[in-house]
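Below you'll find the structure, written out as structure tokens, and then a few comments.
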Amino acid sequence: MRRTFFFALTLCATLAICACSGGQTEQTNANASSGPAATPATANAAATPATQSPQVVTATVEEASLGAGGAGEALVRLDIAEGFHVNANPASDKFYVATEVRAEAQEGIAPGKPVYPEAVTRKLSFSDKPLAVYEGRVVIKLPLRADATAAKGRHTIHATISVQPCNDKACLPPRNIDAYIPVTIN
């Protein structure tokens, strides 16, 4: 009887942990255009299946300011926990998940091709050759261009940041971080 009770308790605890583990998309403050709390917008990605781990990758987006018909850039900062890395863009091999920022034109503001930082090269235990990775803090520049007819005021551009955090022994599942970039048109 006692063994059955402990088995049932263990099974229930395991199911509860699995049910509580999050999806694979993390999101920044959903109401980025509402006020100062939205700047900088922050997102986190780090859950492993069935358990919550410390925040391995966080993304912070700084507010961009453009003139109508003008250009500028948004800065997307990734902070990667010590002992972890994400694959660079471009990745060292087609089988690795490259870090990527994607955004589409919205509200008269068109994003350009992201400018990724220079990678560091590391020899890791699971790879025969050194890999191009990002570690610590890196900044990705996202060029922006406003239409001449873009409405003055505050706008929000949705971006998705794809990362796959790894350490020297294993990789976590790939994650998408939803980021909301506040843009002011002057």
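Values in this text are rule-based calculations from the coordinates and carry no lab data. Values in this document were obtained by computation on a predicted structure and should not be read as measured data. Here Cβ is always computed from backbone atoms with ideal geometry, including for glycine, and neighbour counts include all displayed protein chains.
Once fully extended, how much extra length lies between Leu124 and Asn186, figured as 0.36 nm per residue of separation less the alpha-carbon to alpha-carbon distance?
Numbers: separation 62, 0.36 × 62 = 22.32 nm, distance 4.73 nm.
This chain segment gains 17.6 nm when fully extended.
Could you order peptides 101-111, 83-93 by the average number of other Cβ atoms within 10 Å of their residues, highest first?
On the way: 101-111: 17.4, 83-93: 19.7.
In descending order of packing, they fall as 83-93, 101-111.
List the lysines whose Cα lies under 19 Å from the Cα of Lys141, skipping any in the same chain that are fewer than 8 positions away.
Cross-link targets: Lys113.
Label point 7 Å out from Val97 along Cα-to-Cβ: which residues of the range 152-186 have amide N under 20 Å?
159-180
Measure off 7 Å from each Cα along the Cα-to-Cβ vector at Ala105 and Asp168, then give the distance between these two points in nanometres to one decimal.
4.8
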